[in-house]
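Trainee: Below is one structure. I have some questions about it.
Every number here is computed from the coordinates shown, using simple stated rules; none is lab data. Just so you know, these numbers come straight off a predicted model, no measurement behind them. Cβ: placed from backbone, ideal geometry, glycine included. Neighbour counts: every protein chain shown.
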Amino acid sequence: MEEEPKRHRTRSDGPFFYGLVAIAGAYLLLIVSLLAADAQYVTFASIGEALGNADIQDSIRLTLVTCTVTAILSMVVAVPTGYLLSRFRFPGKRLVDALLDIPILLPPLVIGLSLLILFHQVPILGRTIEEWVAFAFQWITWLRPDIRPGVTFKVPAVILAQFTVSCAFAVRTMKTTFDQIHPRHEDVALTLGCNRSQAFWLVLLPQAWRGVFTGATLAWARALGEFGPILVFAGATRGRTEVLSTTVFLEINIGNLQGAVAVSLLMILLALVVILIVRTVGEKTVLGTAAGQGGGMHA
Amino acid sequence: MLELRAVRVQAGSFELRDLSLQVPRGAYGVLMGKTGSGKTTLLEAVCGLKRVVSGSIHLGEEDITSCRPGDRGIGFVPQDTVLFGNMTVRRHLGFGPEIHGWSRQAIDARCNELAEDLGITHLLDRKPLGLSGGEGKRVALGRALAARPRMLCLDEPFSALDEDTHAEICDLLKRIQQVHHVTTLHITHSRREAERLADVRFRLENGAVQAA
């Protein structure tokens, strides 16, 4: 009994544990220092002033709208894609899996540039995609003559730029979620009379709700932090395509460092809320459904 | 009666060839075999979860070889129970009948009847998390029986149970099988289990089924 603590705290282990703590502590110190530096740089008055600014209010509004639309679109794509990758074997699966990681690995500016080239330099049946979109949605001008339909340098470009990257993260989350739920759940559902679709909607997806929630939250957070692709593909026009990340850029450009830091703090706050939500709800993910795999049958 | 006629099943590189067996109507069949011998693969083929490459599977007069799993009238209890984490015990019992289009009233009556038979009435509003191993097995059994299947397939249903619960579930299974007159195919590697439950016994060895 007395030897137990000694075994855990032998003298020779000391440098190892102190080393771990020192390395982790140094990184933690860097993060806390960044937050503290931002916090000490601004006053409540400057935060109030920034939040009262009409341009920044527009930016907050557009950020909330675009991030939410992006998160929804990402999940619409990520749930079936994650399911496909998790459950089925098909030719070229490895390639598809690798391609889905490209938006995560590519430099953000390259994504923006690629979107710009795709929409303006790739002709399909004699027109670029941008021209096709403008053509398809020209009826909008009959209702609202002040609106010119299109994607590039407009709000849809903000959403598409955010979506391109966010969706890749959402797909990864959903694949991991489905991987953690044993396919036998669907097998049992099939023997109970379900077809594949019913097994998915009635049995699998309800058990994956924490993963869906985590995926959507991560997609939202990723969209919030997106900057490079938005700048290149949507621009940073005040009152039109300005979101919080571009607001920081614009405020720095006009020399309003206080305003830029105030907006940054707002983004940090939003990111912290997202992290807390993911930690408290999402981290359990489907492990909470382990019971359904027999693993939760503990008295 | 369940009859397998020269069934060939392939699962990746693993293959079972020329499997034939008969479990008479209403009988309790036990299939034994070593780990990795293909017992689960065979059971999944009977349930329609693994594709039969050649041969045929008959249940009663019907050739069910190419039927969808849900149209075979087979209740399946997998080895690891596989309860649905988001559903209450009541919903587990009512799920099969609901999918088969039973009326609400008939579903409720069936849930209550099964819960009483299986001794899980007090658990009806609980979710799987926190149920004991024995309780989980009872729920899985009830779920498989709910839509009145013609046959029951049990994949090592006593795995991970302590001695007392093992005996208790063993008695329950035999009683339920007799009460519901359901043809049963139970796979296990326990000779003791086979002796206790089986009307007919088989052994799966080197890819072939023999009477044991």
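Trainee: At A:T176 and A:L118, where each label point lies 7 Å from the Cα along Cα→Cβ, what is the point-to-point distance in nanometres?
Mentor: 2.4
Trainee: Name the aspartates and glutamates eligible as straight-distance cross-link partners of A:K175: C-alpha to C-alpha under 17 Å, and not fewer than 8 places from it in the same chain.
Mentor: Result set, ordered by chain and number: A:D97, A:D101, A:E186, A:E283.
Trainee: Moving to a separate point now. If the label point is 7 Å along Cα→Cβ of A:L105, which residues in segment A:164-185 have backbone nitrogen under 20 Å from it?
Mentor: Backbone N within reach: A:164-176.
Trainee: First measure r as the distance between the Cβ atoms of B:S20 and B:T88, then evaluate 1/(1 + (r/R0)^6) with R0 = 56 Å and state the FRET efficiency to the nearest 0.05. Numbers along the way, then the final one.
Mentor: Numbers: r = 42 Å, r/R0 = 0.74.
Calculated value: 0.85.
Trainee: Calculate, in nm to one decimal, what A:T141 and A:L29 gain on full extension: separation in residues at 0.36 nm each, minus their alpha carbon distance. Walk me through the numbers before you get to the answer.
Mentor: Working: separation 112, 0.36 × 112 = 40.32 nm, distance 5.42 nm.
Extra length available between A:T141 and A:L29 comes to 34.9 nm.
Trainee: Looking at the protein assembly as shown only, what percent of DSSP beta bridges run antiparallel? Nearest 5 please.
Mentor: Working: 21 of 40 bridges.
The antiparallel fraction comes to roughly 50 percent.
Trainee: Using the 10 angstrom Cβ neighbour count as an exposure proxy, how do A:S86, A:S245 rank, fewest first?
Mentor: Numbers: A:S86 18, A:S245 22.
With the fewest neighbours first, A:S86, A:S245 line up as A:S86, A:S245.
Trainee: May I pose another question? Can you list residues whose amide H is under 5 Å from B:V200's amide H, if they're 5+ apart or on another chain and H is modeled 1.01 Å from N?
Mentor: When sequence neighbours closer than 5 places are left aside, the close amide H contacts are B:Y28, B:G29, B:V30.
Trainee: If you don't mind, there's one more thing I want to ask. Using θ = phi - 60° and the Karplus relation 6.51 cos²θ - 1.76 cosθ + 1.60, list the HN-Hα couplings for segment B:90-99 in order, rounded to whole Hz, with x at every Gly or Pro.
Mentor: Values per residue, Gly and Pro as x: 4, 5, 4, 5, x, 5, x, x, 4, 5 Hz.
Trainee: Which value, in debye to the nearest 20, gives the size of the charge dipole of segment A:43-291 about its Cα centre, when Lys and Arg are +1 and Asp and Glu are -1 at the Cβ?
Mentor: On the way: 19 positive and 15 negative charges, 140 e Å.
Roughly 680 debye, rounded to the nearest 20.
Trainee: Lysine pairs, Cα distance under 27 Å, 8 or more residues apart or cross-chain: how many in segment B:2-211?
Mentor: 10
Trainee: Let me ask something else about it. Which value in Å is the Kirkwood Rh of chain B over different Cα pairs?
Mentor: On the way: mean 1/r = 0.0575 Å⁻¹.
17.4 Å is the Kirkwood radius here.
Trainee: Under 11 Å from a point placed 7 Å out from the Cα of B:E205 along the Cα-to-Cβ direction: which residues of segment B:175-191 have their backbone N that close?
Mentor: In segment B:175-191, the label zone of B:E205 (backbone N under 11 Å from the point 7 Å along Cα→Cβ) covers no residue.
Trainee: Next up: In what sequence do A:F169, A:F233 fall when counting other Cβ within 10 Å, fewest first? Working shown, then result.
Mentor: Values: A:F169 19, A:F233 28.
In increasing order of surrounding Cβ atoms, one gets A:F169, A:F233.
Trainee: For B:L152, what residues show an amide H to amide H distance below 5 Å, using hydrogens built from the backbone and excluding near sequence neighbours?
Mentor: The list, which skips near neighbours in sequence, is B:G75, B:T183, B:T184, B:L185.
Trainee: Note down the relative contact order for chain B as a percent, whole number, built from C-alpha pairs under 8 angstrom at least six residues apart. Present the calculation step by step, with values, prior to reporting the outcome.
Mentor: Working: 399 pairs, mean separation 67.7, N = 212.
Here the relative contact order equals 32 percent.
Trainee: When the dipole is taken about the Cα centre of chain B, and only Lys, Arg (+1) and Asp, Glu (-1) are charged at their Cβ, what size is it in debye, to the nearest 20? Write out the running numbers ahead of the final one.
Mentor: Values: 28 positive and 27 negative charges, 74 e Å.
Computed charge dipole of chain B: roughly 360 debye.
Trainee: Any chance you could give the angle, 0 to 90 degrees and rounded to 10, that helix B:133-145 forms with the longest Cα principal axis of chain B?
Mentor: Taking Cα atoms only, the helix is inclined about 80 degrees.
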